[in-house]
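Read the figures in this text as sums done on the coordinates, not as results from a lab. All of these numbers come straight from a predicted model, not from anything done at the bench. Reconstructed Cβ throughout: ideal geometry from the backbone, glycine too, with neighbour counts over all protein chains shown.
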Amino acid sequence: MEHDASVHSLKCPKCRHGMEEVTHEGVTIDRCSNCQGLWFDADEAQQLKSLPESAVVDTGSSKEGWKWDSRVDIDCPRCGKHMELTSDAKQKHIWYEVCPDHGMFMDAGEFSDFKEENLLDWFRGVIKGNRETVCP
Ligand SMILES: [Zn+2]
Ligand SMILES: [Zn+2]
């Protein structure tokens with residue numbers, strides 16, 4: 001397939017820099033070459049999350065991501081509509097921007113965190129459970 005820049009090239013909703021396509025196991029997402037934020041179309045985030053080693057697409061450090069975390073007033077790179085800041089239903093500490101029609105944007109480091117749900121959040125859940133029994 002030929003690469004058509006007018007169709008594929010997205011502008012990063014956070015810093016307006018160009019984004020580049022990154023493919024992992026057949027799933028293609030867009031990553032900003034400046035702030036390293038990630039754009040996922042539709043359910044690509046869920047698809048990628050279920051693939052082994054998919055955290056490799058998240059090459060930015062969470063330090064870089066935090067710089068952009070406070071910038072929440074962003075527009076969907078596909079339709080230009082204002083995106084909603086949403087916290088993940090299972091992992092409340094993870095916040096990302098969502099366009100209900102097109103997809104979602106995560107800052108650098110957030111996808112790695114999202115991906116580690118099974119380990120880290122299960123562990124957090126256990127700790128929280130213990131605390132509740134100790135201090136009712
Ligand atoms: Zn960016
Ligand atoms: Zn949109």
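Treating only the Cβ of Lys, Arg, Asp and Glu as charged (+1, +1, -1, -1), what charge dipole size does region 15-112 show about its Cα centre? Round to the nearest 20 debye.
Once rounded to the nearest 20, the dipole reads 280 debye.
List the trypsin sites (Lys or Arg not before Pro) within region 38-99 that fall in a DSSP loop (any state other than H, G, I, E or B) and whose Cβ has at most 12 other Cβ atoms within 10 Å.
Qualifying residues, ordered by number: Lys81, Lys90, Lys92.
Counted by neighbouring Cβ atoms within 10 Å, the residues Cys99, Cys15 run from fewest to most as Cys15, Cys99.
For the pair region 69-86 and region 9-36, the centres of their Cα atoms are 15 angstrom apart.
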